[in-house]
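Dropping the structure in here first, questions after.
The values are calculated or read from the model by the stated rules, or taken from the named source; none is laboratory data. All values derive from a computational prediction rather than experimental measurement. Here the Cβ is made from the backbone with ideal geometry for all residues, glycine too, and neighbour counts use every protein chain on show. Just so you know, the surface numbers come from the protein's heavy atoms only, side chains and all, with ligands and any DNA or RNA stripped out. Shrake-Rupley method; radii C 1.70, N 1.55, O 1.52, S 1.80 Å.
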Amino acid sequence: DVKVTQSSRYLVKRTGEKVFLECVQDMDHENMFWYRQDPGLGLRLIYFSYDVKMKEKGDIPEGYSVSREKKERFSLILESASTNQTSMYLCATGIVGGYTEAFFGQGTRLTVV
Amino acid sequence: DAKTTQPNSMESNEEEPVHLPCNHSTISGTDYIHWYRQLPSQGPEYVIHGLTSNVNNRMASLAIAEDRKSSTLILHRATLRDAAVYYCILREGVKGAQKLVFGQGTRLTINP
């Protein structure tokens, strides 16, 4: 079974802190994605990566950056956390090709106080 | 970006079939139609996908209109565990990441 593991299920951080959300996959997938999910707004794409060291902005990249130094790991970075970044963050992975499915992690619920 | 339109919510009874519709009138020839569902407090999980022909798997069936502008996810015999938000998504992009763009989805309620 494919495993997509997010480093934390719940996280509480203070405003202004630098926050790292980690996602690790064990299936050698090229594509990795970071989404955030908010009530009434659904899942919105923050960033995605289709190869090591490659990244592309999604629909809402402001306030975030990403890092992909190894194929299996995709990190989402909040340089200076703000309360409006309180959300559920979901990582997903998949191989290249619209004919294949994507796999999601369980999510990290981040609260910024 | 090609978009999908789904009803906000649907309700059905346990052990009855459920037909979840999705409109995607701007679909391109290379877009695959994917369905995912999200159970409470979990990440989305894959259900089924297809390109032109109808598809069946152990979870559901996918019926795709001949013009590909709409599709229907069919749960043949709903159980309480099928209560979730169902997302119809077009897997876009000719090459590269084929990102998944989510709409609001359909919240399915199953009555015992």
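Per the Kirkwood treatment, what hydrodynamic radius in Å, one decimal, follows for segment B:15-69 from the mean inverse distance over all distinct Cα pairs?
Answer for segment B:15-69: a Kirkwood hydrodynamic radius of 12.6 Å.
Quick one: of the DSSP bridges fully inside chain B, what percent are antiparallel, nearest 5?
85 percent
I need to check one value: relative contact order of chain A, counting alpha carbon pairs closer than 8 Å and at least 6 residues apart, in percent.
So the answer I get is 36 percent.
If each of A:Met27 and B:Ser25 carries a label point 7 Å out from its Cα toward its Cβ, how far apart are those two points in nm?
My value for the distance between the label points is 3.5 nm.
I would also like to ask the following. Tell me, what is the per residue accessible area of chain A in Å², probe radius 1.4 Å?
Dividing the accessible area of chain A by its residue count gives 49 Å².
Give me the percent of accessible area attributable to carbon and sulfur for chain B, probe 1.4 angstrom.
47 percent
For segment B:1-70 and segment A:7-62, compute the distance between their C-alpha centroids and round to whole Å.
25 Å
Can you give the longest run of chain B that contains no trypsin sites (Lys or Arg not before Pro) sitting in a DSSP loop with at most 15 other Cβ atoms inside 10 Å?
B:4-57
Here is a further query. Cα convex hull of the protein assembly as shown: mean projected area in nm², to one decimal?
Its Cα hull, projected and averaged over all orientations, spans 11.9 nm².
For segment B:1-76, what's the relative contact order in percent, using C-alpha pairs closer than 8 Å and at least 6 residues apart?
The normalised contact order for segment B:1-76 reaches 30 percent.
Which semi-axes, in whole Å and largest first, does the equivalent ellipsoid of segment B:14-112 have when worked out from the alpha carbon gyration tensor as the square roots of 5 times its eigenvalues?
Each semi-axis is √(5λ); the values are 23, 15, 11 Å.
Continuing with this model, one more query. Please compute how much accessible surface disappears when A pairs with B, both sides summed, using a 1.4 Å probe, and round it to the nearest 100 Å².
1900 Å²
Turning to a different aspect of this structure: Rg over Rh of chain A, using C-alpha atoms and the Kirkwood radius, what does it come to?
0.95
Describe numerically, in nm with one decimal, the distance between label points set 7 Å from Cα along Cα→Cβ at B:Ser53 and at A:Ser8.
Those two pseudo-labels are separated by 4.8 nm.
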